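K.L.:
My questions all concern the structure below.
The values are calculated or read from the model by the stated rules, or taken from the named source; none is laboratory data. Predicted, not measured: the structure shown is a model, and the values here were computed from it. All Cβ positions, even for glycine, are placed from backbone atoms using ideal geometry, and neighbour counts span all protein chains on display. Ligands, DNA and RNA are stripped out before the accessible areas are found, and what is left, the full protein with its side chains, is counted by its heavy atoms. Shrake-Rupley method; radii C 1.70, N 1.55, O 1.52, S 1.80 Å.
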Amino acid sequence: MSKAKQRKIKLHGFNNLTKSLSFNIYDICYAQTEEHRAEYIAYIDEVYNAKRLTQIITEVSDIIGANILDVSQQDYEPQGASVVMLISEEPVVSEQVANVEEPGPLPETVLAHLDKSHITVHTYPESHPQGGISTFRADIDVSTCGRISPLRALNYLIHSFESDIVTVDYRVRGFTRDIRGKKHYIDHKINSIQNFLASDTRERYQMIDVNVYQEHIFHTKMLLKEFGIDNYLFGMGREDYTTAEIKKIERRLKREMAEIFYGRNLVRAS
C-alpha cells in the first residue's frame, strides 16, 4: 500500500455538497481505407496512451492547485486507455473561493482547490466498418466535495482540446447545513453552463441547453459551427478525391456529427 493511501487527510470544513462535471469531447475524421483507419487508431493510441493522459491530468491537477494522492493508469487492447487520479485540496480560505456564474480563468491564471475528489479520463477510439468514418471520444470527469465547483476548470478544459463536439454535464448532489441547521442543496447560482464559457468559445460553437433546475442538473451540447473538409481527411488529401467524392464525404461527416450532437440516428435521405 502506498504512503499516500496510508496517510489520513484532515478535512477542511463540513460542506457535504458533491459537484460533478463530466466533459466529453468528440473528434471526427474520414479515413477511406482499412489501412488508413488502422493508422488513425494507432495514431490516437500513441498520442493519448495512458502515460500521456496521466501527464495531461497531472498538469490539470497542478493548474487547479490540487494534491495528487494516488494514480491508476491502464492501456487497453485493442485500443483505448484510462487514468484515475485521487486528489485532495490545500487549506482553503473561504474569502478566496468564488463560484460566480462567469467564465473561469484560462490555463495561465487558473487556481482552485479540491477536497475528497478525483479526476478521471477515458478514451474511446473507433471506426465505422464500411463508411470510412473514424471517431475519437475522450471523457474527463472532475468531482469535488466542498465549496469549490469544478466549473471553474471548464474554461481551461475547453481551451485545451480542439474538438468537433463537446457535451458537458454538471450536477450538484447532497446537502450541507448552515450554523442554524438549515439544509442547503446548492451553494452557488447557476442558470446555464454556457455562462461559465468564454465569449470566443460561445462564438465558435452552436449550443443547446437541457437543464433540470429543481434537481440541480445542467447539460450543454456544443457543435463546431465552421466546417472545412481539409481538417477531416486522414491519410489522404483533398487532391486524392474527385469533386463528387468530396461532396459525399462531407455529407457523411456532417451526418455523423449531427447524430452524435443530437444523440440519435437520423433518417437517411432517399
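K.L.:
What are the residues in the range 44-64 that are assigned to a helix (DSSP H, G or I), open to solvent by 20 Å² or more (accessible area, probe 1.4 Å) and either touching a residue at least 40 places away in the same chain (Cβ under 8 Å) or touching an Asp or Glu at 6+ places or on another chain (Cβ under 7 Å) (or both), if any?
P.N.:
45, 56, 63
K.L.:
Under the condition of being under 30 Å from residue 125 (Cβ atoms), open to solvent by 50 Å² or more (accessible area, probe 1.4 Å) and not in a loop (DSSP other than H, G, I, E, B), which residue from the range 71-105 is modelled with the lowest pLDDT?
P.N.:
If we take residues in the range 71-105 being under 30 Å from residue 125 (Cβ atoms), open to solvent by 50 Å² or more (accessible area, probe 1.4 Å) and not in a loop (DSSP other than H, G, I, E, B), then 86 is modelled with the lowest pLDDT.
K.L.:
Moving to a separate point now. So how many residues does the range 134-144 have that are at pLDDT below 90 and either acidic (Asp, Glu) or surrounded by fewer than 21 Cβ atoms within 10 Å (Cβ to Cβ) (or both)?
P.N.:
Matching residues across the range 134-144 total 1.
K.L.:
Test residue 212 against the criterion of being touching a Lys or Arg at 6+ places or on another chain (Cβ under 6 Å) and open to solvent by less than 100 Å² (accessible area, probe 1.4 Å), and give yes or no.
P.N.:
no
K.L.:
Considering every residue within the range 205-226, establish whether at least one is hydrophobic (A, V, I, L, M, F, W, C), under 23 Å from residue 41 (Cα atoms) and assigned to a helix (DSSP H, G or I).
P.N.:
no
K.L.:
Quickly run through the range 251-266 and pick out the residues that are assigned to a helix (DSSP H, G or I) and surrounded by fewer than 15 Cβ atoms within 10 Å (Cβ to Cβ).
P.N.:
Result: 251, 254, 258, 259, 262.
K.L.:
I would also like to ask the following. When both residues are 6+ apart or on different chains and their Cβ atoms are under 6 Å apart, which pairs have a first residue that lies in the range 65-77 and is in contact (Cβ under 8 Å) with a residue 24 or more places away in the chain and on the phi < 0 side of the Ramachandran plot, and a second that is open to solvent by 60 Å² or more (accessible area, probe 1.4 Å) and assigned to a strand (DSSP E or B)?
P.N.:
So the pair list comes out as 69/86; 70/86.
K.L.:
Taking residue 159, is it outside any loop (DSSP other than H, G, I, E, B), more than 16 Å from residue 28 (Cβ to Cβ) and either within 24 Å of the chain's Cα centre (by Cα) or of a type in the set (Asp, Glu) (or both)?
P.N.:
Yes, satisfied.
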